[in-house]
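Participant: Have a look at the structure that comes next, please.
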Amino acid sequence: MKTHIEGIADEMIANNLTPFIPTHPGEVVKDEVEYRGISQRKLAETTGISYSVLNEVLNGKRAMTTDYALLIGKALDIDAEFLVRMQAKYEMDVARKNPKLTARLNKIRKIAAAL
């Protein structure tokens, strides 16, 4: 698919680039927690999130839900909406890398183009 810039594919425009490895918001929070010298156990205690659940979120094994974003955001003074948007972006990037979904989307695109 071409963009308004003749000869340049949409996926080659900087604002349309998909990261090679999607970034889970938990990874960003984990880096921040480590930078601040806060233990995960202390953050879990402060937020009321169980340590095992928090650890899974910070290691990208569990989604950053709205509740977790609000709790973690309040504890670390991070915008919870940013974390939720980042989770949505992560999920979109992961979905776009799914070959079965990509095939379905391409099929729909061809059908829609014929309408």
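The values are calculated or read from the model by the stated rules, or taken from the named source; none is laboratory data. Computed from a predicted model, the values in this text were never measured in an experiment. FYI the Cβ positions are ideal-geometry reconstructions off the backbone, even for glycines, and counts take in every protein chain you see.
Participant: Among Lys30, Lys42, which is at pLDDT 95 or above, out of contact with any Asp or Glu (no Cβ under 8 Å at 6 or more places or on another chain) and closer than 19 Å to Lys61 by Cα?
Facilitator: After applying the criteria, what remains is Lys30.
Participant: Then there is this: When you look at Ile108, is it out of contact with any His (no Cβ under 9 Å at 6 or more places or on another chain) and under 17 Å from Glu34 (Cβ atoms), yes or no? Quick ask: steps written out before the conclusion?
Facilitator: Details: out of contact with any His (no Cβ under 9 Å at 6 or more places or on another chain): yes; under 17 Å from Glu34 (Cβ atoms): no.
No, not satisfied.
Participant: OK, next. Which residue out of Ala88, Ala44, Ala95, Ala75 is crowded, with 16+ Cβ neighbours inside 10 Å, out of contact with any Phe, Trp or Tyr (no Cβ under 6 Å at 6 or more places or on another chain) and among the small types (Gly, Ala, Ser)?
Facilitator: Numbers: Ala88 fails: crowded, with 16+ Cβ neighbours inside 10 Å; Ala44 fails: out of contact with any Phe, Trp or Tyr (no Cβ under 6 Å at 6 or more places or on another chain); Ala95 fails: crowded, with 16+ Cβ neighbours inside 10 Å.
Matching residue, one of Ala88, Ala44, Ala95, Ala75: Ala75.
Participant: Can you tell me which residue within segment 63-92, out of those that are part of a helix (DSSP H, G or I) and hydroxyl-bearing (Ser, Thr, Tyr), is nearest to Glu32 (Cα to Cα)? Don't jump to the end; show me each part of the working.
Facilitator: The initial filter retains those residues of segment 63-92 that are part of a helix (DSSP H, G or I), namely 66-76, 80-92.
Checking the rest, the ones that are also hydroxyl-bearing (Ser, Thr, Tyr) come to 66, 68, 90.
On the way: Thr66: 19, Tyr68: 15, Tyr90: 18 Å.
Per the criteria, the residue is Tyr68.
Participant: Could you tell me whether Ala95 is in a helix (DSSP H, G or I), more than 18 Å from Glu32 (Cα to Cα), touching a Leu at 6+ places or on another chain (Cβ under 9 Å) and hydrophobic (A, V, I, L, M, F, W, C)?
Facilitator: The answer is yes for Ala95.
Participant: Going by what's in this entry, would Thr65 be described as under 12 Å from the mean Cα position of the chain (by Cα) and among the polar types (S, T, N, Q)? Before the answer, list the steps.
Facilitator: Working: under 12 Å from the mean Cα position of the chain (by Cα): yes; among the polar types (S, T, N, Q): yes.
Against the criterion (under 12 Å from the mean Cα position of the chain (by Cα) and among the polar types (S, T, N, Q)), Thr65 qualifies.
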